[in-house]
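Student: Structure in structure tokens, see below.
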Amino acid sequence: MPAESFDAIIIGAGQAGTPLAYALAEAGRRVAFVESDHLGGSCINYGCAPTKALLASAQRAHHVRTAGELGIKAPEPVVDFAAVIERMHTLRQNSRDSLHRKLTVDRDGISVIRGRASFTAPHTLEIALAPGKTQQLTAPLIFINTGTKASVPDIEGLADSGYLTSDSLLLGLKEQPEHLIIMGGSYIGVEFSQMFCRLGTRVTIIDTKPRLMAREDPDVSHPLEAVLEKAGVELVLGAETRRVSRAADGSITVMVAAKDGERRLRGSHLLVAVGREPNTQDLGLEHTGVTLDEDGYIEVNEHLQTGTRGVYALGDIKGGPQFTHIAYDDYRIVRDALLHNGQRTTAHRPLPYVVFTEPQLGRIGLSKGEAKEKGIPYRVSRLPARTIGRAVQTGETDGFVEVLVGEDDRLLGAAVFCEQGGEIMTMFQLAMAGRLRYQELEDMILAHPSWAEVLNNAFQRLKPGE
Ligand SMILES: Cc1cc2nc3c(=O)[nH]c(=O)nc-3n(C[C@H](O)[C@H](O)[C@H](O)COP(=O)(O)OP(=O)(O)OC[C@H]3O[C@@H](n4cnc5c(N)ncnc54)[C@H](O)[C@@H]3O)c2cc1C
């Protein structure tokens, strides 16, 4: 059977591929949109959206539990774990249904093909539709948007222990863990730790690094650790996991080599959250000129072009920071290049991100460590959250707002660890994009008493960076 010909093929219905399919179809191109699993990719199915749905339930439980601090008497909340999980599933299913409708009913020009794609030649793909059933597709333009999956380290006993990953937990966990051990203290592990702790699960985080979120400055990691420890999360840091085993009673034992010797941690569930790995293994890339870096991610230039003409890689699969807003910006780069003669590239784009704990950690631009490493002179101001009027009124006094200012008085970066940290960080990002001097923020009239007023006060303690 000859390969069916399209103007473009998109492999993977993720955060870059989906808007690209819409844009190409709207421009009159015939698009084959191939997805081996659910539409929406990781963000909708096993990433941002389901974690934030669970976090919302956990935060509500916490607010009820702590209502007494604001003079409101409420009984200890009862967490109906099944209902919490059901709510997440419902929201996810709504997103899937809406996507399905938008792609198949509301739009012409997109053929959604459910199957696993692999290259057989630089511009030809074989789609495994069902056992023994395949379809051949060809197009001058091919977009690889196949994302990542949870990576699982090679640790004795782990493979047979019935561990969870964020993917399997979000898609299939039914029972509430009594004691969740989380291997990995980066943002995924950290968000899950506070979420489960607030839902009433005992939580332990193990990490090989000496601190959580080890890419952040130490004085960002430590306040986050303090908040989690105060809430009851046990931290076992600087600890190497040696062995994992499951006992006949269903409990999981994790043996770690910690600073103070070997420790045996016993829990009911183990979540492995040590990073992600690219879905490049069975893509048949050996039939193309597409090259991979040492971690298996697809190598691209700043226009997201691979080593094969007309083949692009977008989103997590191309390596670098893995966020939905970055994948979406990859879509903009390709859309503008192909449809609007645009010159947008990956070079010099900002990298905002938010860790959705409470308080949130919002980050943009340079950290102190990065500024030092790059030899960029800076001044820094750190405002404790307890000095912010809004924080005092709402009782959300944990955390700080830290801003780095360059020699030209313009902002270099910010770490905002406080209530509404993500939104406040975004205001700093806007100021950076508009190249405002810090004095303009300091003297701007801002509504009182809003969190935004932080922009007036954030620079009060500016002092030279060390
Ligand atoms: C637990 C968790 C929480 C997260 N929280 C956030 C957050 O709060 N904010 C944020 O910005 N980011 C978050 N992320 C990251 C975010 O989900 C990803 O960066 C983003 O979804 C990447 O999108 P993508 O376009 O690269 O592709 P993906 O969304 O990963 O989609 C790839 C798709 O390709 C399909 N596929 C793979 N191989 C094939 C094949 N051979 N043939 C056909 N189809 C294939 C897959 O089934 C998948 O649907 C989180 C991630 C995780 C795991």
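The values are calculated or read from the model by the stated rules, or taken from the named source; none is laboratory data. Note that this is a predicted model, so its numbers are computed, not measured. When we count neighbours, we look across all protein chains shown, and the Cβ atoms used for this are built from the backbone with ideal geometry, even at glycine. Remember, those area values only see protein heavy atoms, side chains included, never the ligands or the DNA or RNA. Shrake-Rupley method; radii C 1.70, N 1.55, O 1.52, S 1.80 Å.
Rundown of residues vs (1) within 13 Å of the ligand (Cβ to nearest atom); (2) closer than 28 Å to residue 260 by Cα; (3) under 22 Å from the mean Cα position of the chain (by Cα), yes/no style:
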{"position": "155", "(1), (2), (3)": "no, yes, no"}
{"position": "161", "(1), (2), (3)": "no, yes, no"}
{"position": "168", "(1), (2), (3)": "yes, no, yes"}
{"position": "221", "(1), (2), (3)": "no, yes, yes"}
{"position": "225", "(1), (2), (3)": "no, yes, yes"}
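Student: For the stretch 272-297, how many residues are under 14 Å from the mean Cα position of the chain (by Cα) and crowded, with 18+ Cβ neighbours inside 10 Å?
Tutor: Here the count works out to 3.
Student: Could we say that residue 412 is assigned to a helix (DSSP H, G or I) and modelled with pLDDT of 95 or more here? Break it down into steps so the answer makes sense when it comes.
Tutor: On the way: assigned to a helix (DSSP H, G or I): no; modelled with pLDDT of 95 or more: yes.
Considered against the rule, which asks whether it is assigned to a helix (DSSP H, G or I) and modelled with pLDDT of 95 or more, residue 412 comes out as no.
Student: Of 254, 300, which residue is of a type in the set (Val, Ile, Thr) and either open to solvent by 60 Å² or more (accessible area, probe 1.4 Å) or assigned to a strand (DSSP E or B) (or both)? Break it down stepwise before answering.
Tutor: Working: 300 fails: either open to solvent by 60 Å² or more (accessible area, probe 1.4 Å) or assigned to a strand (DSSP E or B) (or both).
When all the criteria are applied, what remains is 254.
Student: Shifting gears a bit: Anything in the stretch 15-47 that is open to solvent by 10 Å² or more (accessible area, probe 1.4 Å) and assigned to a loop (DSSP other than H, G, I, E, B)? List them, or say none.
Tutor: If the condition is that a residue be open to solvent by 10 Å² or more (accessible area, probe 1.4 Å) and assigned to a loop (DSSP other than H, G, I, E, B), then 15, 27, 28, 29, 30, 36, 37, 38, 47 are the ones that fit.
Student: Tally the residues that are part of a loop (DSSP other than H, G, I, E, B), near the ligand (Cβ under 9 Å from one of its atoms) and more than 19 Å from residue 106 (Cα to Cα), restricting the search to the stretch 1-14.
Tutor: Count: 1.
Student: List the residue pairs whose Cβ atoms are under 6 Å apart, where the first residue sits in the stretch 160-177 and is over 13 Å from residue 85 (Cα atoms), the second is at pLDDT 95 or above and small (Gly, Ala, Ser), and the two are 6 or more positions apart or on different chains.
Tutor: From residues that are over 13 Å from residue 85 (Cα atoms), the pairs are 165/150; 166/150; 166/273; 167/150.
Student: Does at least one position in the stretch 100-118 carry a residue that is at pLDDT below 95, under 30 Å from residue 4 (Cα atoms), within 16 Å of the ligand (Cβ to nearest atom) and buried (at least 17 other Cβ atoms within 10 Å of the Cβ)?
Tutor: yes
Student: Report, ordered by the first and then the second residue, all pairs with beta carbons closer than 7 Å, sequence separation of six or more or different chains, a first member in the stretch 102-121 that is touching a residue at least 24 places away in the same chain (Cβ under 8 Å) and of a type in the set (S, T, N, Q), and a second member that is part of a strand (DSSP E or B) and open to solvent by 50 Å² or more (accessible area, probe 1.4 Å).
Tutor: These pairs meet every condition: 118/126; 120/126.
Student: So which residues in the stretch 166-206 are touching a strand residue (DSSP E or B) at 6+ places or on another chain (Cβ under 9 Å), of a type outside the set (A, V, I, L, M, F, W, C) and open to solvent by 20 Å² or more (accessible area, probe 1.4 Å)?
Tutor: Scanning the stretch 166-206 gives 167, 168, 172, 175, 178, 186, 187, 202.
Student: Could you run through the stretch 27-51 and say how many residues are under 15 Å from residue 6 (Cβ atoms) and either more than 6 Å from the ligand (Cβ to nearest atom) or without any contact (Cβ under 8 Å) to a residue 60 or more places away in the chain (or both)?
Tutor: The total comes to 7.
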